[in-house]
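A quick write-up on the structure given underneath.
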Amino acid sequence: MKLAVKNLRKSYGSHEVLAIPEWEIDEGIYWIQGENGAGKSTLFRTLAGMLPFEGEVVLDKRFDLKRDPVAYRQRLNLGEAEPLYPTFLTPADLLAFVAEAKRSPAGQVQNLVEAFGMNYLHQSMGSCSSGMVKKTSLALAFLGDPSVIILDEPLITIDLEARANLFTLIKNYHARGVTFLLSSHQPFEDSDLPLTAAFKLQNRALVSLSA
Amino acid sequence: MKVFLLSTVREFYRQRAGLFLMVVFILFGFLSSREHYAFAVFFLKDDWGMIALMVAWIAYTLLCVQFLAHQLTQPEYVILQNAFLWPVGKRVIRLLAMALGLILPLILYGIYVFTIARQENLTGNTWPILPYWLLMSVCLMSVAEWRLRNPDISKAAKTTLRLPFRRPANYVFWTLEWLLRERGFTLLLSKVGVFLFMIAALVYDSTGTYDLRLPAVGFTLAYLLNAGLSYELYLWENEVWLWGKSLPFGAITRFGRVAILHAILLLPETFLAISYGTRLEWYELAQLYILGLSTLLLYHVSLYRAPKLLEETLQPVAIGFIILTFAILYKIPIALLALILLIFAFAGWRRWYN
């Protein structure tokens, strides 16, 4: 069991967005679907430890998000759908900071920079296009030695070359045992990705589509 | 029209809520009504009075100009460029409404000066006020019109100040840089307010030989006026750099950063107290500093209980300050009080931080 969720509840004020009694996944690549506003980004942000919640989230049967927040976050990375970073920072600043925090192995940053064609490392985020910001967020999501990588709408705004390189990275990391949670409104059929299963976020809960 | 005003006037006040709050603190907390009156009479009677008023109003207008030039090029407000398609007459009226909305504080203060002038039989001296309003409005309308004609978003976004050295990959450094870059004016005004209170506390303390309790109350109040900045630090972590919460840092590390940031924030007024030539010894100043730091930290930690607007967080601060004052007057040692508050702050952090 790679990731387990129990009695997860997340509300914004009186509006409940997530109510997941139980959900477990093994190693694999999972496609999380859902209509706009269904709560996918909230789910991902909650799993990444960015939002307070009720319930239990456990990674690799050992790391509880609430009890072991550092070890958990060391092993789970998130690439957001519409990433926001302080505008005065540069991709180089962000990569250096996150690489240190995630204990990234030597050379990993350079490999990711090349994979995503990031030739704008010293440009402030405020002057980057949405595609450039997105590529930065994807590169950050692959840093360190993660057990699970969540990519929220990874295909939006990136060019075809970056898209192809992203799929290659996913396959390479998956071959090393990394589990992926991907959300996308675009189908992955042309990607050749070995999808394990798909879930739909419906009525605040995750429903299996492969059943 | 509604969208335009909401995106300009309302956003101006919303983004600078901390600043305006501090101005209100200074105007209605520090200055008495007699001093307000004296200021108005100075503007009306002194040869340089109206020029002084104009200089102050120009400074405020420059703040609005800077906001407008920036706001109309923000990617999320690019829709406002459609305002350029309005017919000229309609555009003038709407831009005028926007300008009047932005200089509303100046209009209200001008009305106050008019009423004082009437009481003092000085209405003849008020003639520059109307031209000032007109001048400020035309200035703001021109800037908005210029920005609508030159909507070069990319150019505007690239004009950020570059550091003369390589930026360290350090959270504390980034946070302080963000405060200076993005909340510079709020920082400045907050510090002006804090300095005024600190000087008032020092002046009062120099009028007699009091024990540490009196400066403890005054200093803590001055330090607590950093609450607006502490709230900005909360927004930085929970909105601007929210993704940073997904990074693997433990509760103690995060609390340590918050403590370091607040400790740095309180340094300017502490140096002011030292340079003022106070009779207080270094160990007494150190106790007051740590008491201020723990009080402010406790306020900061309380923000994590539930999301609130700045205004909503200030009432508990006032109540807490009164309780603290009683505790100080009850002769509980300052260092012990500081330690207790620090323990409460850390316990609150462990409980509420997420």
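The values are calculated or read from the model by the stated rules, or taken from the named source; none is laboratory data. Note that this is a predicted model, so its numbers are computed, not measured. Backbone-built Cβ (ideal geometry, glycine too); neighbour counts: all protein chains shown.
On the basis of being in contact (Cβ under 8 Å) with a residue 40 or more places away in the chain, more than 8 Å from chain B (Cβ to nearest Cβ), more than 24 Å from A:A139 (Cα to Cα) and crowded, with 19+ Cβ neighbours inside 10 Å, does A:L18 make the cut? Explain how you work it out, then say what you get.
Details: in contact (Cβ under 8 Å) with a residue 40 or more places away in the chain: yes; more than 8 Å from chain B (Cβ to nearest Cβ): yes; more than 24 Å from A:A139 (Cα to Cα): yes; crowded, with 19+ Cβ neighbours inside 10 Å: yes.
Answer is yes for this residue.
What about B:R147, is it in the same structural domain as B:F42 (by TED's automatic domain parsing), basic (K, R) and modelled with pLDDT under 90? Answer is yes for this residue. Number of residues in segment A:91-101 that are at the interface with chain B (Cβ under 7 Å from one of its Cβ atoms) and either outside any helix (DSSP H, G or I) or in contact with a helix residue (DSSP H, G or I) (Cβ under 8 Å, 6 or more places away or on another chain) (or both): the value is 4.
Tell me the residue from B:V88, B:V65, B:V138, B:V92 that is under 13 Å from B:F12 (Cβ atoms) and among the β-branched types (V, I, T), please. B:V65 is the lone residue from the list that is under 13 Å from B:F12 (Cβ atoms) and among the β-branched types (V, I, T).
Looking at segment B:293-303, can you tell me whether even one residue there is farther than 26 Å from B:I199 by Cβ and either more than 18 Å from the chain's Cα centre (by Cα) or not assigned by TED's automatic domain parsing to the domain that holds B:L189 (or both)? Checking segment B:293-303: at least one residue is farther than 26 Å from B:I199 by Cβ and either more than 18 Å from the chain's Cα centre (by Cα) or not assigned by TED's automatic domain parsing to the domain that holds B:L189 (or both). For segment B:196-209, state whether one or more residues are part of a helix (DSSP H, G or I) and either within 14 Å of chain A (Cβ to nearest Cβ) or modelled with pLDDT of 90 or more (or both). No, the conditions are met nowhere in segment B:196-209.
Residues of segment B:231-249 that are among the polar types (S, T, N, Q) and either crowded, with 18+ Cβ neighbours inside 10 Å or more than 13 Å from chain A (Cβ to nearest Cβ) (or both): B:S246 alone.
Here A:V70 clears all of (1) modelled with pLDDT under 90; (2) touching a Pro at 6+ places or on another chain (Cβ under 9 Å); (3) more than 25 Å from B:Y353 (Cβ to Cβ) except the condition numbered (3). Tell me, please, whether a residue that is part of a helix (DSSP H, G or I), of a type in the set (A, V, I, L, M, F, W, C) and more than 9 Å from chain B (Cβ to nearest Cβ) can be found in segment A:115-126. Within segment A:115-126, one or more residues are part of a helix (DSSP H, G or I), of a type in the set (A, V, I, L, M, F, W, C) and more than 9 Å from chain B (Cβ to nearest Cβ).
Within segment B:250-283, the residues that satisfy the criterion of being within 14 Å of chain A (Cβ to nearest Cβ) and either more than 30 Å from A:Q74 (Cβ to Cβ) or crowded, with 18+ Cβ neighbours inside 10 Å (or both) are B:R254, B:F255. The set of residues from segment B:180-195 being surrounded by 20 or more Cβ atoms within 10 Å (Cβ to Cβ) and either among the basic types (K, R) or within 12 Å of chain A (Cβ to nearest Cβ) (or both) comprises just one member, B:R183. Cβ separations smaller than 8 Å between residues 6+ apart or across chains give the following pairs from segment A:71-87 residues that are facing another protein chain (nearest Cβ under 8 Å) to residues that are surrounded by fewer than 20 Cβ atoms within 10 Å (Cβ to Cβ) and basic (K, R): A:A71/A:R62; A:Q74/A:R103. Looking across segment B:301-343 at every residue that is hydroxyl-bearing (S, T, Y) and part of a loop (DSSP other than H, G, I, E, B), the one that is nearest to B:F219 (Cα to Cα) is identified as B:Y330.
Residue pairs whose Cβ atoms lie under 6 Å apart, separated by 6 or more positions or on different chains, with the first residue in segment B:149-176 and more than 10 Å from chain A (Cβ to nearest Cβ) and under 30 Å from B:L85 (Cβ atoms) and the second assigned to a helix (DSSP H, G or I) and modelled with pLDDT under 80, are B:P151/B:Q81.
Yes or no: segment A:80-88 includes at least one residue that is at pLDDT 95 or above, of a type in the set (V, I, T) and touching a helix residue (DSSP H, G or I) at 6+ places or on another chain (Cβ under 7 Å). The answer is no; no qualifying residue exists. Within segment A:100-147, the set of residues being within 18 Å of the chain's Cα centre (by Cα), surrounded by fewer than 21 Cβ atoms within 10 Å (Cβ to Cβ) and within 13 Å of A:L166 (Cβ to Cβ) comprises A:A115, A:G131.
Taking the criterion of being under 21 Å from the mean Cα position of the chain (by Cα) and within 16 Å of B:A38 (Cα to Cα), the only residue of segment B:89-118 that qualifies is B:Y109.
I'm checking my understanding of the structure. Among residues of segment B:304-329 that are surrounded by 15 or more Cβ atoms within 10 Å (Cβ to Cβ) and of a type in the set (V, I, T), which one is farthest from the chain's Cα centre (by Cα)?
Initially, segment B:304-329 is screened for residues surrounded by 15 or more Cβ atoms within 10 Å (Cβ to Cβ), giving B:304, B:310, B:313-314, B:317, B:320-321, B:324-325, B:327-328.
Still in the list and also of a type in the set (V, I, T): B:313, B:317, B:325, B:328.
Numbers: B:T313: 15, B:V317: 16, B:T325: 24, B:I328: 28 Å.
Once the filter is applied, the top-ranked residue is B:I328.
Identify, please: which residue in segment B:111-127 is not hydrophobic (A, V, I, L, M, F, W, C) and not in a helix (DSSP H, G or I) and is, among those, surrounded by the most Cβ atoms within 10 Å (Cβ to Cβ)?
Step one: list which residues in segment B:111-127 are not hydrophobic (A, V, I, L, M, F, W, C), which gives B:112, B:115, B:118-121, B:123-126.
Narrowing the set further to residues that are not in a helix (DSSP H, G or I) leaves B:120-121.
Values: B:E120: 14, B:N121: 8.
Of everything passing the filter in segment B:111-127, B:E120 is surrounded by the most Cβ atoms within 10 Å (Cβ to Cβ).
To keep it simple, each residue is scored yes or no on (1) outside the structural domain of B:R14 (by TED's automatic domain parsing); (2) farther than 19 Å from B:S190 by Cβ; (3) free of Cβ contacts under 8 Å to residues at least 40 places away in the same chain.
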residue	(1), (2), (3)
B:G250	yes, yes, yes
B:F255	yes, yes, no
B:H262	yes, no, yes
B:L285	yes, yes, yes
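Of all residues in segment A:138-196, count the ones that are assigned to a helix (DSSP H, G or I) and among the basic types (K, R). Walk me through it before giving the result.
From segment A:138-196, those assigned to a helix (DSSP H, G or I) are A:138-141, A:160-175, A:189-191; that's our starting set.
Subsequent filtering for residues that are among the basic types (K, R) retains A:163, A:171.
Count: 2.
Pairing each residue of segment B:79-91 that is in the same structural domain as B:V138 (by TED's automatic domain parsing) with any residue that is modelled with pLDDT of 70 or more and in a helix (DSSP H, G or I), provided the two are 6+ apart or on different chains, yields C-beta distances under 6 Å for B:L80/B:S7; B:A83/B:F4; B:A83/B:L148; B:F84/B:L148. Only one entry in B:L63, B:L68, B:L80, B:L108 is surrounded by fewer than 18 Cβ atoms within 10 Å (Cβ to Cβ) and within 30 Å of A:L84 (Cβ to Cβ), namely B:L63.
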